[in-house]
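What follows is one structure encoded as structure tokens, with my remarks underneath.
The values are calculated or read from the model by the stated rules, or taken from the named source; none is laboratory data. Predicted model, so just to flag it, every value in this text is computed and none were measured. Cβ: placed from backbone, ideal geometry, glycine included. Neighbour counts: every protein chain shown. These area figures cover heavy atoms from the full protein model, side chains too; ligands, DNA and RNA do not enter into them. Shrake-Rupley method; radii C 1.70, N 1.55, O 1.52, S 1.80 Å.
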Amino acid sequence: MKLMVIGGGGREHAIIKSLKKNPEVETIYALPGNGGIGQDAICVPIGAKDIPAMVAFAQEKEIDFAVVAPDDPLVLGAVDALEAVGVPCFGPNRDAAILEGSKVFSKGLMQKYHIPTAKYQVFSAAEEAIAYLKAEDTYPAVIKADGLALGKGVIIAENEQEAIAGVHRIMTEKAFGDSGNQVVIEEFLTGPEVSVLSFTDGKTIIPMVSSMDHKRALDGDQGLNTGGMGTIAPNPFYTEAVAKECMETIFLPTMQAMVQEGRPFKGCLYFGLMLTQKGPRVIEYNCRFGDPETQVVLPLLKSDLLTIMQAVHDERLAEVPVEFSDGAACCVVVASGGYPQKYQSGYPISFGAVDEMENITVFHAGTKLGESGEILTSGGRVLGVTATGGHWQEAKEKAYEAVKQISFTDMFYRKDIGARCK
Ligand code: AMP
Ligand code: GLY
């Protein structure tokens, strides 16, 4: 089989490494891929948002199956465009990807179908949003741009001044373009956060092993928000009782609601949850695999990923095995100094003896090939170093041992990934 994976980060590297385990896979093309992905797939310089080019490429190469991994192409309708020319895909169509593409839509869906989430209001004008914030006068206040915003569209304002500045940034300055035409202002919730990725074909929903992201740049959850500095799975707060409650009150109702709305969701549905005193609440939906959650979830998947993805496409997910190992996995993201703000790139990476270490996988997020084939840094998040083990402690220790093998100029990483897992 000839496969095509859209995207070029650590998540896509993890997906490609899992797909490769299926003996029927001959070739995988990554659009655009990256320096490290080039060791596992053929990288093609087509951007993940260039839908006409990816459709033409899929036709030219007679691609048998495509995986659209990032949010942008999904929300823009890449799956619709590929399937229209007969390329079967894993991923939701545009109508279903709106679950991530519009927070106004997803909040409305949760309200209509009584799916537990933070209380909220929607505003289409900055003055109205500000008047509401002043009247409520409750902080922290949570302000969210309606549309996609590279993961930066959520502002947690500690006081009125920050809240007003946030509304203006989103709605007046249009920091995220049209994504800021509307804002959602919602209740601030507290509790441990859990990421649950699931496979669903619109009829069956199968949660994957739970995980915990570490979004802040620095140890102790200090510093700026990032795309994610590391993950650990399973999430220690996600007990069997919580999982059961989430299935009944969140997962199944969401899948069924999307069917009711005429937008059946097929693909990976990601639930960003907060376990509050009053029970689990949905913080966000994503219409795709998480990054770096995928880098701990897929290494624990025992069943064949391609078989599952094809079953999702064919709406026969209930017929295939989806099993995870009982062990744990820890992914430490190695980043460029300065990330998530300004950083330098183009530095050579030394990998030491990491390739010889057992149960370690180095996923490449921001790397490129140099002129003589050496691997250079090319992004903020550079690598995701994942270790698997029998338990959290083993996975954490091994991941950090492996990270010590790696070096490049200005490299940094958090030292406390999984510290809450004992
Ligand atoms: P999101 O992009 O929706 O995942 O939001 C980014 C982060 O903001 C989440 O991971 C939470 O830590 C935080 N957050 C979002 N919504 C809320 C909320 N209603 N209450 C408290 N924190 C929130
Ligand atoms: N790690 C969070 C996300 O993928 O949105």
#### Entry: Check on Thr249, assigned to a helix (DSSP H, G or I), away from ligand 1 (no atom under 13 Å from the Cβ), crowded, with 18+ Cβ neighbours inside 10 Å and among the hydroxyl-bearing types (Ser, Thr, Tyr)
no
### Query
Can you name the residue in region 175-211 that is within 13 Å of ligand 1 (Cβ to nearest atom), among the hydrophobic types (A, V, I, L, M, F, W, C) and over 17 Å from the mean Cα position of the chain (by Cα) and, of all such residues, is surrounded by the most Cβ atoms within 10 Å (Cβ to Cβ)?
Val183
### Query
Can you pull out the residues in region 329-350 that are buried (at least 16 other Cβ atoms within 10 Å of the Cβ), at pLDDT 95 or above and farther than 21 Å from Ala233 by Cα?
Ser336, Tyr339, Tyr343, Ser345, Tyr347, Ile349
### Task
Examine region 212-221 for a residue that is more than 19 Å from Glu100 (Cβ to Cβ), open to solvent by 50 Å² or more (accessible area, probe 1.4 Å) and assigned to a loop (DSSP other than H, G, I, E, B), and state whether such a residue exists.
no
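Here is a yes/no grid of residues against (1) under 30 Å from Thr204 (Cβ atoms); (2) within 16 Å of ligand 1 (Cβ to nearest atom); (3) of a type in the set (Gly, Ala, Ser):
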site: Pro292; (1), (2), (3): yes, yes, no
site: Leu317; (1), (2), (3): yes, no, no
site: Pro321; (1), (2), (3): yes, no, no
site: Ala329; (1), (2), (3): yes, no, yes
site: Val334; (1), (2), (3): no, no, no
site: Gly338; (1), (2), (3): no, no, yes
site: His364; (1), (2), (3): no, no, no
### Query
What about Pro23, is it in a loop (DSSP other than H, G, I, E, B) and open to solvent by 20 Å² or more (accessible area, probe 1.4 Å)?
yes
#### Entry: All positions within region 81-116 that are in contact with a Phe, Trp or Tyr (Cβ under 9 Å, 6 or more places away or on another chain) and basic (Lys, Arg)
Lys103, Lys107
### Query
Is one or more of the residues making up region 337-344 farther than 13 Å from Pro292 by Cα and outside any loop (DSSP other than H, G, I, E, B)?
no
### Message
I'm checking my understanding of the structure. Among residues of region 175-215 that are within 22 Å of Arg316 (Cβ to Cβ) and among the charged types (D, E, K, R), which one is nearest to ligand 2 (Cβ to nearest atom)?
### Response
Asp201
### Message
Just checking, does region 89-99 include any residue being within 18 Å of the chain's Cα centre (by Cα) and either among the basic types (Lys, Arg) or at pLDDT below 95 (or both)?
### Response
yes
### Task
State whether the residues of region 48-69 include one that is within 22 Å of the chain's Cα centre (by Cα), open to solvent by 50 Å² or more (accessible area, probe 1.4 Å) and at pLDDT 95 or above.
yes
### Task
Six or more apart or on different chains, Cβ under 7 Å: which pairs go from a residue in region 393-422 that's assigned to a helix (DSSP H, G or I) to one that's open to solvent by 40 Å² or more (accessible area, probe 1.4 Å)? Could you list them?
Lys398/Asn359; Ala402/Met357; Val403/Tyr413
#### Entry: Checklist (1) at positive phi; (2) touching a helix residue (DSSP H, G or I) at 6+ places or on another chain (Cβ under 9 Å) applied to Glu62, failing item
(2)
### Message
Need pairs with beta-carbon distance below 8 Å; first residue at positive phi and within region 275-302, second assigned to a strand (DSSP E or B) and open to solvent by 30 Å² or more (accessible area, probe 1.4 Å); sequence gap 6+ or separate chains.
### Response
none
### Query
Mind checking whether some residue in region 312-323 is of a type in the set (Asp, Glu), open to solvent by 40 Å² or more (accessible area, probe 1.4 Å) and part of a helix (DSSP H, G or I)?
yes
### Task
Can you work out which of the residues in region 269-287 that are under 17 Å from the mean Cα position of the chain (by Cα) and open to solvent by 40 Å² or more (accessible area, probe 1.4 Å) is nearest to ligand 2 (Cβ to nearest atom)?
Glu284
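So that you can scan it fast, the table gives a plain yes or no per residue for (1) touching a strand residue (DSSP E or B) at 6+ places or on another chain (Cβ under 9 Å); (2) open to solvent by 50 Å² or more (accessible area, probe 1.4 Å); (3) part of a loop (DSSP other than H, G, I, E, B):
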position	(1), (2), (3)
His114	no, yes, yes
Gln121	yes, yes, no
Ala129	yes, no, no
Ala135	no, yes, no
Thr138	no, yes, yes
Gly151	yes, yes, yes
